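Chemist: Structure in structure tokens, see below.
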Amino acid sequence: MTASETVRREREKAQPVVSVIIPARNEEASLAACLESLTSQPGVAFEVIVVDDHSTDRTSEVAESFARAYPDRVRVIEAGPLPAGWTGKNNAIVIGVREARGEWLLFTDADTVHLPGSPARAVAEAQEHRVDLLSYSPEQIAVTFWEMAVLPVVFAELARQYPPSKVSDPDSPDAAANGQYMLIKREAYDAVGGHAAIAGEILEDVALARVMKLSGRKIRFRYAQDAVRTRMYRNFRQLRDGWTKNLALLFPHPGWLAGKALFLWSVPWATIVTESVFSAQGRWWSSIYVCSFLFLEWRLRRANFPVSMRLLGAIFGMPMFAYLLLRSKRAHSKGEVLWKGRTYSDRRSRVPQGHRASSSQANASKSFLGTGY
């Protein structure tokens, strides 16, 4: 028996429990940190499959360097041609799944960093709660001004509309997931058709979660700063384009929500203007201002951000959130959703044929977070 055959047989014996699949398109700035955090994970047998989705930067070079350093753990494959009607991410994931050997599939984005031991703990958590899909909402890292101002507003509204407790409740019709971290039992994934069944969905994480829940399989979804963190966008343009892609799909009435956000934001400032212009006096004017501003800060507490970022969100983030909602609505209505060099039409999550969803199911079939891919 040759040495290469011996190595091959040893690899076959070491069947991975988890196959980590990373679709990557122009991710040279973040992929190395992601792979560094994954290749050193203890406690569970795993493989990492990076699918290069026609990147034009150094993404492939970065991935290949890890494949050379960890030949028994990391593989790099090409996404291949994009079929008509498919989104790039869904195509890349399906290509990766074909090569995966694990009994669990962990779909994660290239901009994530995984804390030590988190994959092993995630498998144990999924088994303990007997779920087929475990999805984490990562800790969000914000560096630039607009990241710090906008993210608390977006995530607070998402948490308010789609509480993880309801998503995790088998008796609730709400279905949501976060494509930045989705651990799925391979058997259940194959049974519902996987990403091929939702090939054209922009919010593929939610569409898959919805199919899983409609099929009677259990979902668990929670905020997980103890497991994974991410920096979704690294500048204002990425933030603007990313939320333009997602917000109109995340919220069923983006125009109404934009108006509501602007109204709530305007109350404390209108109070100041009224007091100064009309020389209004009395402590109650100051009380209105303070209370309304504190109310804005209180609304953002669900987003799991520090108070300094919540204050930025209350002052600057809410009007920007309204702008992004309206921008997203306009882009989807015109079929001009641009992301990473591709144009997508408005593809909302649909009920698979043979299922009839209630109105609450239809509204809940949007992502708690959306994807940064």
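The values are calculated or read from the model by the stated rules, or taken from the named source; none is laboratory data. Because the structure is a prediction, the values reported are computed rather than measured. Using ideal geometry, Cβ is built from the backbone for each residue, glycine included, and neighbour counts are taken over all protein chains shown.
Chemist: Suppose we filter the stretch 187-224 for residues that are assigned to a helix (DSSP H, G or I), in contact with a helix residue (DSSP H, G or I) (Cβ under 8 Å, 6 or more places away or on another chain), among the charged types (D, E, K, R) and under 20 Å from A122 (Cβ atoms); how many remain?
Modeler: The total comes to 1.
Chemist: Among the candidates A149, A126, A120, which residue alone is touching a helix residue (DSSP H, G or I) at 6+ places or on another chain (Cβ under 6 Å) and either free of Cβ contacts under 8 Å to residues at least 40 places away in the same chain or not aromatic (F, W, Y) (or both)? Reasoning before the result, please.
Modeler: On the way: A126 fails: touching a helix residue (DSSP H, G or I) at 6+ places or on another chain (Cβ under 6 Å); A120 fails: touching a helix residue (DSSP H, G or I) at 6+ places or on another chain (Cβ under 6 Å).
When all the criteria are applied, what remains is A149.
Chemist: Just give me the residues in the stretch 38-49 being in contact (Cβ under 8 Å) with a residue 40 or more places away in the chain and surrounded by 18 or more Cβ atoms within 10 Å (Cβ to Cβ), in sequence order.
Modeler: Result: L38, Q41, V44, F46, E47, I49.
Chemist: Now a separate question. Looking at this structure, is E78 touching a residue at least 60 places away in the same chain (Cβ under 8 Å) and either closer than 20 Å to A100 by Cβ or not assigned by TED's automatic domain parsing to the domain that holds E201 (or both)? Please lay out each step first, then the result.
Modeler: Values: touching a residue at least 60 places away in the same chain (Cβ under 8 Å): no; either closer than 20 Å to A100 by Cβ or not assigned by TED's automatic domain parsing to the domain that holds E201 (or both): yes.
So E78 fails the test.
Chemist: On the given criteria, is A29 buried (at least 16 other Cβ atoms within 10 Å of the Cβ) and within 22 Å of G341 (Cβ to Cβ)? Steps first, answer last, please.
Modeler: Values: buried (at least 16 other Cβ atoms within 10 Å of the Cβ): no; within 22 Å of G341 (Cβ to Cβ): yes.
No: the conditions fail for A29.
Chemist: Is there a residue being charged (D, E, K, R), assigned by TED's automatic domain parsing to the domain that holds V17 and within 22 Å of F321 (Cβ to Cβ) anywhere in the stretch 201-219? Give the derivation first.
Modeler: Step one: list which residues in the stretch 201-219 are charged (D, E, K, R), which gives 201, 204-205, 210, 213, 217-218.
After this cut, where a residue has to be assigned by TED's automatic domain parsing to the domain that holds V17 as well, the list is 201, 204-205, 210, 213, 217-218.
In the following step, the residues that additionally are within 22 Å of F321 (Cβ to Cβ) were identified as 205.
Yes, the stretch 201-219 contains a residue that is charged (D, E, K, R), assigned by TED's automatic domain parsing to the domain that holds V17 and within 22 Å of F321 (Cβ to Cβ).
Chemist: Name the residue that is surrounded by the fewest Cβ atoms within 10 Å (Cβ to Cβ), counting only residues in the stretch 221-249 that are among the aliphatic types (A, V, I, L, M) and in contact with a Ser or Thr (Cβ under 6 Å, 6 or more places away or on another chain). Walk me through it before giving the result.
Modeler: To start, the set of residues in the stretch 221-249 that are among the aliphatic types (A, V, I, L, M) comprises 224, 227-228, 232, 239, 247-249.
Remaining after also requiring in contact with a Ser or Thr (Cβ under 6 Å, 6 or more places away or on another chain): 227-228, 247-248.
On the way: A227: 22, V228: 24, L247: 26, A248: 27.
Ranking the qualifying residues of the stretch 221-249, first place goes to A227.
Chemist: K185 - would you say it is of a type in the set (K, R), more than 16 Å from the chain's Cα centre (by Cα), over 14 Å from F305 (Cβ atoms) and at pLDDT 95 or above? Can you show your working first?
Modeler: Values: of a type in the set (K, R): yes; more than 16 Å from the chain's Cα centre (by Cα): yes; over 14 Å from F305 (Cβ atoms): yes; at pLDDT 95 or above: yes.
Here the answer is yes, as K185 does meet what is asked.
Chemist: On the basis of being within 15 Å of the chain's Cα centre (by Cα) and not assigned by TED's automatic domain parsing to the domain that holds I22, does L133 make the cut? If you could, list the steps in order and put the result at the bottom.
Modeler: On the way: within 15 Å of the chain's Cα centre (by Cα): yes; not assigned by TED's automatic domain parsing to the domain that holds I22: no.
No.
Chemist: From the list T39, T59, which residue is polar (S, T, N, Q) and closer than 11 Å to A24 by Cα?
Modeler: Details: T39 fails: closer than 11 Å to A24 by Cα.
Just a single option satisfies the conditions, and that option is T59.
Chemist: Test G88 against the stated conditions and say whether it is within 24 Å of R186 (Cα to Cα), free of Cβ contacts under 8 Å to residues at least 24 places away in the same chain and either of a type in the set (G, A, S) or buried (at least 17 other Cβ atoms within 10 Å of the Cβ) (or both). Give the steps one after another, and end with the answer.
Modeler: Details: within 24 Å of R186 (Cα to Cα): yes; free of Cβ contacts under 8 Å to residues at least 24 places away in the same chain: no; either of a type in the set (G, A, S) or buried (at least 17 other Cβ atoms within 10 Å of the Cβ) (or both): yes.
It is false that G88 is within 24 Å of R186 (Cα to Cα), free of Cβ contacts under 8 Å to residues at least 24 places away in the same chain and either of a type in the set (G, A, S) or buried (at least 17 other Cβ atoms within 10 Å of the Cβ) (or both).
Chemist: Pull out all pairs, ordered by first then second residue, where Cβ-Cβ is under 7 Å, the residues are six or more apart or on different chains, the first lies in the stretch 231-258 and is within 14 Å of W339 (Cα to Cα), and the second is surrounded by fewer than 19 Cβ atoms within 10 Å (Cβ to Cβ) and of a type in the set (D, E, K, R).
Modeler: T244/R327
Chemist: Applying the selection to the stretch 202-232, what residues are of a type outside the set (A, V, I, L, M, F, W, C) and within 27 Å of L35 (Cα to Cα)?
Modeler: In the first step, residues of the stretch 202-232 are kept if they are of a type outside the set (A, V, I, L, M, F, W, C); the result is 204-205, 210, 213, 215-218, 220, 222-223, 225-226, 229-231.
Passing the criteria: E204, D205, R220, R222, Y223, Q225, D226, R229, T230, R231.
Chemist: Restricting to the stretch 230-247, name every residue that is among the polar types (S, T, N, Q) and outside any helix (DSSP H, G or I). Please lay out each step first, then the result.
Modeler: Filtering the stretch 230-247 down to residues among the polar types (S, T, N, Q) leaves 230, 235, 238, 244, 246.
Within the stretch 230-247, T230, N235 qualify.
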